[in-house]
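*Asks:* Please read through the structure below; I'll follow up with questions.
Derivation of every value follows stated rules applied to the coordinates shown; laboratory data play no part. Please read these numbers as outputs of a predicted model, since none were measured by experiment. Cβ placement follows ideal geometry from the backbone for every residue including glycine, while neighbour counts extend to all protein chains displayed.
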Amino acid sequence: MHLALQRLKSAGGLARSLFIYWRPGRQRGLQRLYRPFVQPGALAFDIGAHLGDRSAAFHALGARVVALEPQPTLAKWFKRLVNQPTITLLPLAAGPTAGFAEIAISASHPTLSTLASEWREQIGTRNTGFRRVSWEQRLQVQVTTLDKLIDEYGDPSFIKIDVEGFEAQVLAGLSVPVAALSVEFVAGALEVNHACIDHLTRLGEYRYNVVSGEQRHFRWTQWQSPHAIIKWLSDGADGLASGDLYACRSDHSLLQNNA
């Protein structure tokens with residue numbers, strides 16, 4: 001009975017993700033969002049690839065893609081949905097050092113599965129949207145670093161990181177100032193993004209912008225300084241439940257064009 005319930009939850013969670021991430025029209029918006037960062041022939045990393053919607057957008061823009069998805073069920077669906085010779089799917093997680101780690105998997109909400117144990121223990125009390133989320137499964141997964149991926153595949157023009165509270169640890173495995181990237185933010189755990197900005201500031205000079213929730217456009221016409229975005233986060237991020245924080249190196253053509 002327990003196994004049957006688990007399978008039912010998994011099916012429901014997968015169906016929810018398919019509806020959210022592969023609904024009609026979404027790809028057009030993603031491609032428009034990523035076009036300034038991903039040029040034909042460029043390389044993009046998709047860290048926490050889930051069902052491959054971002055990898056598909058990068059591919060459509062002409063990029064080579066290296067995608068990481070350690071959950072076997074999601075990796076299987078990724079291959080069904082996004083099967084292209086220029087997309088390399090690796091059954092790995094990313095972190096501060098190479099090795100192995102335990103991922104906690106939510107059957108009902110597979111997109112919320114995480115390697116961040118402290119985040120997982122606290123987020124339900126800090127964010128009401130997570131109070132009914134449970135992580136019933138555990139899986140040992142192999143972990144690589146962004147530096148190792150760069151050594152093997154080359155310098156990415158863009159890195160998308162969506163790993164449920166583990167974003168700062170992923171960036172800890174990066175020692176070079178890449179051109180542009182995004183990390184998820186979630187209300188109740190904005191200290192993760194403070195840590196991300198601290199690390200990026202040590203690497204180089206960046207400017208920042210935000211996409212709210214699953215929207216596909218930037219919140220501000222002008223990219224923000226580290227000081228301004230830290231203040232925005234400290235003031236509560238305008239009460240947004242979640243979204244993505246984008247970092248763009250100060251010499252990026254996008255910023256020069258908007259100057």
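*Asks:* In which sequence would Thr73, Thr144 go, from the one with the fewest C-beta neighbours within 10 Å to the one with the most? Could you put the intermediate results ahead of the total?
*Replies:* Numbers: Thr73 14, Thr144 19.
Ordered from fewest to most neighbouring Cβ atoms within 10 Å, Thr73, Thr144 come out as Thr73, Thr144.
*Asks:* How long, wide and thick is segment 126-237, going by the Cα atoms along their three principal axes, in whole angstroms, largest first?
*Replies:* So the extents along the principal axes, rounded to whole Å, are 40, 40, 25.
*Asks:* Is it possible to state the helix-based mean residue ellipticity at 222 nm for the chain, with each DSSP H run of 4+ residues giving -39500 (n - 2.57), the sum divided by total residues, to the nearest 500 deg cm²/dmol? What is it? Before the final figure, lay out each step's value.
*Replies:* On the way: 10 runs with 98 residues, N = 259.
When only DSSP H runs of four or more count, the value is -11000 deg cm²/dmol.
*Asks:* Would you mind ranking Lys148, Lys231 so that the residue whose beta carbon has the fewest other beta carbons within 10 Å leads the list?
*Replies:* Listed from fewest to most nearby Cβ atoms, that is Lys231, Lys148.
*Asks:* Using unit Cβ charges (K, R positive; D, E negative) and no other charged atoms, how large, in debye to the nearest 20, is the dipole of segment 63-182 about its Cα centre?
*Replies:* On the way: 11 positive and 12 negative charges, 98 e Å.
Dipole of segment 63-182, to the nearest 20 debye: 480 debye.
*Asks:* Right, another one. Test of understanding: ordering Phe130, Phe218, Phe100, Phe58 by Cβ neighbours within 10 Å, fewest first, what list do you get?
*Replies:* On the way: Phe130 22, Phe218 16, Phe100 10, Phe58 31.
Neighbour counts put them in this order, fewest first: Phe100, Phe218, Phe130, Phe58.
*Asks:* Let me spell out the model: positive unit charges on the Cβ of Lys and Arg, negative unit charges on the Cβ of Asp and Glu, origin at the Cα centre of segment 2-258. What dipole size does that give, in debye rounded to 20?
*Replies:* Numbers: 26 positive and 23 negative charges, 214 e Å.
For this selection, approximately 1020 debye.
*Asks:* Moving on. Any idea how far the Cα center of segment 132-200 sits from the one of segment 69-110, in Å?
*Replies:* Their Cα centres are 14 Å away from one another.
*Asks:* Find the all-direction average of the projected area of the Cα convex hull for segment 64-213, expressing the result in square nanometres with one decimal place. If you can, show how the numbers build up before the last one.
*Replies:* Details: hull surface 36.2 nm².
Approximately 9.0 nm², given one-decimal rounding.
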